[in-house]
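Below is one structure, written out as structure tokens; comments come after it.
The values are calculated or read from the model by the stated rules, or taken from the named source; none is laboratory data. For clarity, every value in this text was computed on a predicted model and none was experimentally measured. FYI the Cβ positions are ideal-geometry reconstructions off the backbone, even for glycines, and counts take in every protein chain you see.
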Amino acid sequence: EHFPFILGMLANLIEVQESYNLAVETALGEFNHYLIVDSRKNALKLITDTQYKLSIIALDSIPEVPSDNRTYPGESLLSFVTCDSKIKELLKILIGNVCLLPEGQIEPDTDKFTHCDWVGNTGKYFSQGFIIKRWNSGSVSLISQQQKLEELNKDSQRVEKQLQKLKVNLEAEIN
């Protein structure tokens, strides 16, 4: 409300099929927590107007990503993400070279490290053969938090309506 130019946290601006949440979240890493704003001008305003530690991406500063005609040795992680086209451009920069490991494969073949990174549904991430990370699969995914919050709100509204009906019925019984 005070900062209408904030679109949200990156993890809340994308949708991913649940079985791929951990892979996408792992590949994005700390970028999941970045605030996305409409412009560089507003990003600078936000930094000036707050004393919080912030990491911000300004959508108007994202360079255009040329079409990548390379063929990758696996399925692109981007194919499992749904979002606004401007966010998709950002994701091309952040995880556009990440392929999903085939089901059951624990790590990529070393000869396929040439021009892509790899991530598995288990959260193991392999980058250019020397960066390896893993996010805990036991924790709640940031990406699914927004979806779960919306479901909880709907459930809460449904329960509230049921409670109101019960109150009316109870009052009718008493009177």
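Annotations for the structure displayed:
- Being surrounded by 10 or more Cβ atoms within 10 Å (Cβ to Cβ), without any contact (Cβ under 8 Å) to a residue 12 or more places away in the chain and of a type outside the set (D, E, K, R) holds for only one residue in T50, T26, and it is T50.
- Of the strands (runs of 3 or more DSSP E) lying entirely inside the range 1-117, those containing at least 1 residues that are under 18 Å from R134 (Cα atoms) are 98-100.
- Sole exception among (1) touching a residue at least 40 places away in the same chain (Cβ under 8 Å); (2) crowded, with 17+ Cβ neighbours inside 10 Å for T82, by number: (2)
- Conditions (1) modelled with pLDDT under 90; (2) touching a Phe, Trp or Tyr at 6+ places or on another chain (Cβ under 6 Å); (3) not aliphatic (A, V, I, L, M); number of the one not met by F80: (1)
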